[in-house]
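Quick note: the coordinates plus some simple rules give every number you see, no bench work behind them. Computed from a predicted model, the values in this text were never measured in an experiment. As a convention, Cβ positions derive from the backbone with ideal geometry for all residues, glycine included, and neighbour counts pool all protein chains shown.
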Amino acid sequence: MKTSYKTHACGELRPEHEGQEVSLAGWVHRRRDHGALIFVDLRDNDGIVQVVFNPKQAQEAYAVADQVRSEYVMQVKGKVVRRRPGTENRDLPTGEVEVQATAATILNPAKTPPFYINEESEVDDLLRLRYRYLDLRRERMHRNVWLRSRVVKFIRDIMTDHGFVEVETPILIKSTPEGARDYLVPSRVNPGCFYALPQSPQQLKQLLMVAGFERYFQIARCFRDEDLRADRQPEFTQLDIEISFINEDDILSLMEEVLTALAENIRPDLRLIKPFPRLTYDEAMRRFGSDKPDLRYGLELADFSDLLRESEFAVFRDTLAGGGVVRAICAPGGAVFSRRQVDDLTRFVEGVGGKGLISIGLTGEGPIEQLTEEEFHSPMHRHLTVAEVRAMAQRAGAKRGDLLILVADEEYRACQALDALRRELARQLKLADEGLLAFCLITDFPLVEWNEAEERWDAVHHPFTSPREEDLPLMDSDPGRVRARAYDIVCNGWEIAGGSIRIHRRDVQEKMFGLLRIPPEEAQERFGHMLEAFEYGAPPHGGIAWGLDRIVMILAGERDIREIIAFPKTKTASDPMFGAPSSVSEAQLRDLHLKLDLDEGGARTSP
Ligand code: ASP
């Protein structure tokens with residue numbers, strides 16, 4: 001953009017600008033003093049261009065260039081010339097030209113930055129966040145922030161083109177639960193009362209359906225006080241969507257269309273699996289041990305339970321008799337894994353809560369049906385018969401040279417262990433096709449899951465998700481078997497979106513609250529507005545929310561959402577640049593009618 005400081009952006013200059021007098025402003029990316037000439041790579045938002053200072057042509061400008069250092073802010077005037085043949089820089093989009101400076105001004109000097117801005121180097125995370133404004137100057141971060149902005153623009157355009165209305169919903173509201181702890185904000189004017197920051201706009205978007213908007217979206221900020229991981233931040237962004245008069249197919253087809261268009265627009269260099277594979281929750285758990293399987297590679301799980309019921313090996317027999325399972329993964333070529341590699345995998349599985357694993361290496365030549373006693377190797381060799389091993393190998397589609405890795409455990413824990421193992425093996429064996437965006441759709445989640453600690457049923461999705469009509473009677477007799485009208489979208493092993501068809505009738509919603517053991521008075525107190533709204537003509541409706549940060553992370557090729565959030569928090573939910581969260585004055589606390597009680601070793605408030 002042209003301003004009073006610049007006629008052009010540094011990154012925009014090309015041979016067609018040859019001969020033009022330009023004015024540029026930006027940061028000193030790099031300065032090279034060749035004695036007779038000084039070269040400055042000048043950087044601004046749009047890129048980098050080389051500026052040459054020649055004392056014979058512009059003495060004063062040269063004297064300025066002599067003083068500048070990395071990250072000084074300067075303005076340069078000069079003429080665009082073609083570089084001499086052989087001196088072009090193919091790595092720079094502006095590399096065929098340079099600017100011969102005629103005048104230069106320092107707009108602001110800079111201290112030596114705590115880390116390199118002009119090189120990709122490993123920098124301590126805390127230091128990066130402490131100086132986030134410098135970290136964001138680095139090329140990769142700059143690119144990520146821009147990519148995010150393009151994603152958001154694309155979404156706004158496509159959603160509005162599809163007839164969606166964008167509505168902002170309040171941040172100061174009442175708890176709208178998604179299974180995490182709320183962030184609370186004390187009210188000054190209502191002593192003793194608190195707002196809860198929304199964990200999502202769930203109830204508000206449903207109320208917009210009751211209000212007759214039919215197609216809503218919002219780029220919405222959500223707040224959840226929970227343990228942080230690479231894909232979780234205390235505040236994060238959703239593309240939030242709700243639609244009336246739809247079923248699961250309507251919304252999933254629309255999402256497939258929008259995600260395909262987005263991916264093809266932002267990452268035309270990557271391929272997609274089309275149409276997106278659809279798996280039920282049960283199928284995903286059985287084949288991959290996970291409801292967010294990474295489909296960029298195979299490594300499907302095999303179930304050996306029925307093959308081993310009569311096994312002589314007590315671990316198998318007892319596990320199966322107790323209702324558990326024996327499942328396995330086949331590591332292609334893994335028969336050559338060293339003892340140490342297998343031990344490492346065992347420790348890895350134990351680290352994720354598994355009981356351990358049993359490995360069987362398959363060696364020799366010829367069809368697997370002819371495998372002999374001497375041709376399989378396992379620490380548990382004496383407990384296994386060759387017939388069992390042949391049957392297992394055939395079931396798993398294993399070949400000689402492969403390694404079968406078995407887990408015997410209660411089903412949920414076996415899935416957890418094998419899912420982690422599958423991801424780890426894919427990483428070690430580099431099996432993921434990096435040129436692929438493997439989206440898939442997961443449907444038919446269970447409605448509720450048993451909470452052992454609290455001895456009650458919890459909603460798997462949230463309390464507003466509709467059960468399948470035909471499963472309604474099971475809500476009384478066998479809640480664990482009720483299927484929800486819920487769905488997730490997964491990409492490359494990350495859950496990137498989740499949603500459901502909602503309950504829109506008061507009686508069903510009340511029944512659901514009952515199942516979750518929310519007493520009627522509490523349901524009325526917390527969700528009375530929803531129950532009431534359902535009595536004023538609520539249309540059938542459903543929706544979904546994308547974890548926008550995760551999608552941007554995947555499109556940017558990053559592995560941590562902090563790389564695509566301009567100002568994220570650390571893993572302990574703090575901002576080292578601002579020093580947030582921080583203590584507040586006694587006066588502020590008094591205004592809010594609060595007294596701190598920090599007996600449990602919390603930080604004291606400063607007066
Ligand atoms: N509110 C849900 C969530 O945040 C998404 C949805 O059901 O639309 O996961």
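Viscosity 0.692 mPa s, temperature 37 °C: give me the Stokes-Einstein translational D for the chain in µm²/s, with Rh taken as the Kirkwood radius over C-alpha pairs.
Approximately 114 µm²/s, per Stokes-Einstein.
If packing is taken as the average number of other Cβ atoms within 10 Å across a peptide's residues, how do 158-164, 77-83 rank, most packed first?
The densest-packed peptide leads the list: 77-83, 158-164.
Give me the base-10 log of I(q)/I(0) for the stretch 58-126 at each q in 0.12, 0.19 Å⁻¹, Debye formula, one uniform scatterer per Cα, rounded to two decimals.
Taking Cα atoms of the stretch 58-126 as identical point scatterers yields -0.47, -0.96.
Mind listing P(r) for the stretch 463-607? All alpha-carbon pairs, 5 Å bins, whole percents.
Pairs per bin, as whole percents: 2, 7, 11, 11, 11, 10, 11, 15, 14, 7, 2, 0, 0.
Among bridges DSSP assigns within the chain, what percent are antiparallel (round to 5)?
Restricted to the chain, the bridges split so that about 90 percent are antiparallel.
Can you tell me the relative contact order of the stretch 119-251? Whole percent, Cα pairs under 8 Å, sequence separation 6 or more.
Rounded, it is 18 percent for the stretch 119-251.
Compute the Rg/Rh shape ratio of the stretch 241-293: radius of gyration over Kirkwood radius, all on alpha-carbon atoms.
1.05
What percentages make up the Cα-Cα pair-distance distribution of the stretch 34-193 when the bins are 10 Å wide from 0?
Final binned percentages: 8, 23, 23, 19, 13, 9, 4, 0.
Restricting to Cα pairs below 8 Å that are 6+ residues apart, what does the relative contact order work out to for the stretch 182-233? Please round to a whole percent.
35 percent
Using 1/(1 + (r/R0)^6) with R0 = 35 angstrom and r between the beta carbons of Arg232 and Glu21, what's the FRET efficiency to the nearest 0.05?
Rounded to the nearest 0.05, the efficiency is 0.10.
Taking all pairs of different Cα atoms in the stretch 286-411, averaging 1/r and flipping that mean, what Kirkwood radius in angstroms comes out?
14.8 Å
Based on DSSP H runs of at least 4 residues, each adding -39500 (n - 2.57), what is the mean residue ellipticity at 222 nm of the chain after dividing by all its residues, to the nearest 500 deg cm²/dmol?
It comes out at -8500 deg cm²/dmol, rounded to the nearest 500.
Compute the Rg to Rh ratio over the stretch 373-532 from the alpha carbon atoms, using the Kirkwood formula for Rh, and round to two decimal places.
My calculation puts Rg/Rh at 1.13.
When only Cα pairs under 8 Å and 6 or more residues apart are kept, what is the percent relative contact order across the stretch 475-607?
17 percent
Could you rank the peptides 254-267, 184-197 by their average count of other C-beta atoms within 10 Å per residue, with the highest value first?
254-267, 184-197
Largest first and in whole Å, what are the equivalent-ellipsoid semi-axes of the stretch 220-308 based on the Cα gyration tensor, each being the root of 5 times an eigenvalue?
Over the Cα atoms of the stretch 220-308, the ellipsoid semi-axes are 28, 21, 17 Å.
Residues of the stretch 128-145 with backbone nitrogen within less than 15 Å of a virtual label 7 Å along the Cα-to-Cβ line of Lys153, please, listed as ranges.
Hits in the stretch 128-145 for Lys153 at 15 Å: 143-145.
Rg(Cα) of the stretch 279-347 divided by 2.2 N^0.38 Å?
The value comes to 1.31.
I want to verify the translational diffusion coefficient of the stretch 462-501 in µm²/s; compute it with Stokes-Einstein, Rh as the Kirkwood radius over Cα pairs, at 37 °C and 0.692 mPa s.
Stokes-Einstein gives a translational diffusion coefficient of 292 µm²/s.
At R0 = 35 Å, how high is the FRET efficiency between Ala103 and Ile171 if r is their beta carbon distance? Nearest 0.05 is fine.
Given R0 = 35 Å and the Cβ-Cβ separation, E is 0.10.
Across all directions of projection, what mean area in square nanometres is found for the Cα convex hull of the stretch 1-77?
Value for the stretch 1-77: 5.0 nm².
Once label points are set 7 Å from the Cα along Cα→Cβ at both Met577 and Tyr116, what is their separation, rounded to one decimal in nm?
My value for the distance between the label points is 2.2 nm.
Under 25 Å Cα-Cα from Lys571, which lysines qualify once same-chain neighbours fewer than 8 residues away are excluded?
Straight-line reach from Lys571, under 25 Å: Lys292.
With just the Cα atoms defining each centre, how far is the stretch 84-119 from the stretch 356-378? Give it in Å.
Using only Cα atoms to place each centre, the spacing works out to 62 Å.
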